Amino acid sequence: MNFRDEFKLLLRAVYPLIYIPTHEEERVEIAIQAEASDQGRPVYIWDFVDGYQGNPNDLGFGRRNPLQALEFAEKLPNSVSAVLILRDYHRFLDDVAISRKLRNLARTLKEQKNGHKKNIVLLSTCLHIPSDLTEAITVVEFPLPTAPEIRTVIERLWDKSPSGKFLDDLVLSCQGLSLERIRRVLARAIADHGELLPEDVDLVLAEKRQTIRQTQILDFYPATEQISDIGGLDQLKDWLICRGGAFTERARQYGLPHPRGLMLVGIQGTGKSLTAKAIAHHWHLPLLRLDVGRLFGGLVGESESRTRQMIQVAEALAPCILWIDEIDKAFSGVGSRGDAGTASRVFGTFINWLAEKTSPVFVVATANDIQALPPEMLRKGRFDEIFFVGLPNQAEREAIYQVHLSRLRPHNWKSYHIRRLSYETPDFSGAEIEQTLIEAMHIGFSQNRDFTTEDILAAASQIIPLARTAVEQIQQLQEWAAAGRARLASKYTPLGDRIQRHL
């Protein structure tokens, strides 16, 4: 049920006190006035500074007097139906006189007869209802602009409205912002270069950072990595590319549901975090990084409140990517901690949201120790797919060396003997290959020359890869993946060449 239908039903059912938490004051007032007009009701709007506005006979009534603003409902004749909008009224709800008056009005207004009905609408930027008013007030959610509304705004702002994939990307990037912010950022782009360009999508994403800066739970993570920056993992990349347009309005019209999320399991340094960043860049979506440790607070109920806040912020910015790095460390041993069940409640809230969410928030969770995760986390329905990311084999190591060397030495990367390097570094993860190249660069820099293939091999000989110090852990992961509990991210064996032969 959309807002107009729900609000119409509440007016007809004589719900006396309606609370709408929203930052889009102008937009919600237009929607209320449209519905009230359809029912032949006048709308009276009050705020603390100017009192009532719009009606010359009552201009300024209740100025700086919130109690008098409520008495206005009694001042109107019984033969008059009306809708009263009170702006920022949450600031006065803790006052005993205001609370008592609202409860009295709720009783009086719901007994109205003969079709002459009055409803009071409380507008606020946040949800704050004292316990003694919870039974009297009904909360109605006012949604952010839909894709068709955003398209209309774009067409009105620029008569040469973009089309095709660019328009889809622009609409997608604007979702999660208020209409006012959308108008502001697009007007800025048009004023800057006289038109809307594909790079303006990044300008819209930058606007979303403003919302993230208001919370200390989530970080807006810049995503500049591309799918091509990932060496190997061909099956995982194919899966991601296939879903590149799944958040567009065209996908909704096709009947596709929003993708839910992805869990990447594997040992450290195999490209799981890099994949999360590449997804956000490829899909043109903001990347939010959740530090699960920030969810836990010292006060009673604070952790649960922070979890709900995290969910609200993520959904407000949807469509987006929510990246949870090393989720196994956050929720390992849930139920056995001595925290009065706080971790269990946070975990329960989180996994219930994963299963029930309908908002386009794509969750990318990474884990190194799959055994540490509660079984409920891995149940089908939480994520679209679970991928196992193993150690790269020789062909994949060649791709990883090529990615790094073409970035570090774009003018002469082909002069390095990449095939020999990949052969001489069995069992190295992507992160260990990158560190090897950094060590080789230090060798060359200290001798006032460019680094060579021999420098890279010398650096590699000094590095002991994790695969040689954690054979048991890798074997457990391999057996877990081989049991069919996860898809393989690579077409090749999920382990390195030498370690595979050893096992």
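Structure summary
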quantity: Test for Leu264: is it modelled with pLDDT of 85 or more, within 15 Å of the chain's Cα centre (by Cα) and within 30 Å of Glu432 (Cβ to Cβ); calculated: no
quantity: Identity of the residue in the range 344-388, touching a Pro at 6+ places or on another chain (Cβ under 9 Å) and part of a helix (DSSP H, G or I), that ends up surrounded by the fewest Cβ atoms within 10 Å (Cβ to Cβ); calculated: Ile351
quantity: Single residue of the range 42-60 satisfying the filter (among the acidic types (Asp, Glu) and at pLDDT 90 or above) that is surrounded by the fewest Cβ atoms within 10 Å (Cβ to Cβ); calculated: Asp50
quantity: Lys117 being crowded, with 18+ Cβ neighbours inside 10 Å and touching a residue at least 60 places away in the same chain (Cβ under 8 Å); calculated: yes
quantity: Those residues of the range 222-254 which are of a type in the set (Ser, Thr, Tyr) and surrounded by 16 or more Cβ atoms within 10 Å (Cβ to Cβ), in sequence order; calculated: Thr248
quantity: Residue within the range 72-87 that is among the basic types (Lys, Arg) and closer than 20 Å to Leu133 by Cα present; calculated: yes
quantity: Any hit, the range 291-300, residues being over 28 Å from Ser406 (Cβ atoms), touching a residue at least 60 places away in the same chain (Cβ under 8 Å), touching a Ser or Thr at 6+ places or on another chain (Cβ under 6 Å) and among the aliphatic types (A, V, I, L, M); calculated: yes
quantity: Count - residues of the range 389-437 that are farther than 19 Å from Asp234 by Cβ, of a type in the set (Ser, Thr, Tyr) and crowded, with 16+ Cβ neighbours inside 10 Å; calculated: 3
quantity: Verdict on Ser173 being surrounded by 15 or more Cβ atoms within 10 Å (Cβ to Cβ), of a type in the set (Gly, Ala, Ser) and not assigned by TED's automatic domain parsing to the domain that holds Leu76; calculated: yes
quantity: Count of the range 1-41 residues which are more than 26 Å from Arg103 (Cβ to Cβ), buried (at least 16 other Cβ atoms within 10 Å of the Cβ) and of a type in the set (S, T, N, Q); calculated: 1
quantity: Any hit, the range 108-120, residues being assigned to a loop (DSSP other than H, G, I, E, B), in the same structural domain as Arg12 (by TED's automatic domain parsing) and among the β-branched types (Val, Ile, Thr); calculated: no
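The values are calculated or read from the model by the stated rules, or taken from the named source; none is laboratory data. Note that the coordinates shown come from a computational prediction; the quantities given were computed from them, not determined experimentally. Cβ: placed from backbone, ideal geometry, glycine included. Neighbour counts: every protein chain shown.
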